[in-house]
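Report on one structure; see the data block that follows.
What follows draws every value from the coordinates through simple rules; no lab data is involved. Quick caveat: nothing in here was measured; it's all calculated off a predicted structure. Backbone-built Cβ (ideal geometry, glycine too); neighbour counts: all protein chains shown.
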């Protein structure tokens, strides 16, 4: 990210007012902000209320990964995240034809592969868990699938790997041995982290309170994910594993998202990847268009990313069921750019903010940031 004195000093002059259209492109480029979208953001959306999918009545809708990549570029987005399963055959092995086709689409549309996510929840074989499945054989199946994904990420030049353990958790009291499940998760992450490290890929786990597990997922908070990272990194003897932060997941559990970033920085845990979207505070995982909720919270989150030194990709993770995919992705990018600009304007005046914070008087800090929040 560009934090040069010259850029910050001329930010308002060069990028004043609301950013839209080509001005979004210019700002993100000059600010050095790398922006991506999960390929799923450009695809078919289904839920339990419309299991056939919200585009199922449109015979012209192409839900192929290649078409999704084209939509990502159409939204003006430079990078795309993927799940490893789009590169695998029905037996979980690398599918050379799929890999070649996706690589060709990436090249055609000039889209960069960014974060490789591991999908161990879609297939019913993982309904009782993946790396924490009660059957040791299934734990091995899950790990082998993930490690294949790591290999593909390395071969295709991905920037990082991330594990959201969707099926690992529980739905009822007394259902699992919590300590045993946590040990299996730590052991699994240790193996994944070691392989990522050997191939030069940053690795992180993405915490979430619940869903699809209805009581808790195995790492339901950033704090618990950080403890897992501490244990894994101690075993490996170096800092390898980090946390992938999802803005909506922070909303779900009632965290202050910026606080989680500073906590990780303080504990020496890397931030492996960012997912942005929109969600109400203490709600479900809505994955709506980013920037359509509490602007104060999102701007502070962006400020914390800047202030803690994050310099990786920011990726959309959204399921915009009832709005068109390209427009929805473009709006998230646009709103995020405007919020990030506000955060950079506040960062340019960091000394004044810190002086106000030192007084302990919230009104002093509000006075420093108010005009940027409402007019910047």
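Would you work out if region 32-345 is rounded, prolate or oblate? Take a ≥ b ≥ c from the square roots of the eigenvalues of the alpha-carbon gyration tensor; rounded if a/c is under 1.5, else prolate when a/b is larger than b/c, oblate otherwise. Verdict is rounded for region 32-345. Could you tell me which of rounded, prolate or oblate describes region 45-160, using a ≥ b ≥ c as the square roots of the eigenvalues of the alpha-carbon gyration tensor, with rounded for a/c under 1.5 and, failing that, prolate when a/b is larger than b/c and oblate otherwise? Since a/c reaches 1.5 but b/c is at least a/b, the shape of region 45-160 is classed as oblate. The simple Förster model, with R0 at 41 Å and r as the Cβ-Cβ distance, assigns residue 199 and residue 361 a FRET efficiency of 0.25.
For the chain, averaging the sequence separation of C-alpha pairs within contact (under 8 Å, six or more residues apart) and dividing by the residue count gives a relative contact order of 17 percent.
Does region 204-348 come out rounded, prolate or oblate by the C-alpha gyration tensor, with a ≥ b ≥ c the root eigenvalues, rounded set by a/c under 1.5 and, if not, prolate when a/b is larger than b/c and oblate if not?
Oblate, because a/c is 1.5 or more while a/b does not exceed b/c.
In whole Å, what is the distance between the alpha-carbon centres of region 62-114 and region 287-343? Using only Cα atoms, the two centres lie 23 Å from each other.
Structural descriptor for region 219-376: relative contact order 19 percent, calculated from alpha carbon pairs under 8 angstrom and at least 6 residues apart.
Secondary-structure-derived ellipticity at 222 nm for the chain, considering helices only, amounts to -15000 deg cm²/dmol, per-run term -39500 (n - 2.57) for DSSP H runs with n ≥ 4. Using the Cβ-Cβ distance between residue 180 and residue 91 with R0 set to 25 Å, the FRET efficiency works out to roughly 0.25. Over region 96-184, Cα pairs under 8 Å with separation of 6+ residues give a relative contact order of 36 percent. Which distance in Å, rounded to a whole number, links the C-alpha centroids of region 224-285 and region 125-159? About 21 Å separates the Cα centre of region 224-285 from the one of region 125-159.
The slack between residue 214 and residue 13, meaning 0.36 nm per residue of separation minus the straight C-alpha distance, is 67.5 nm.
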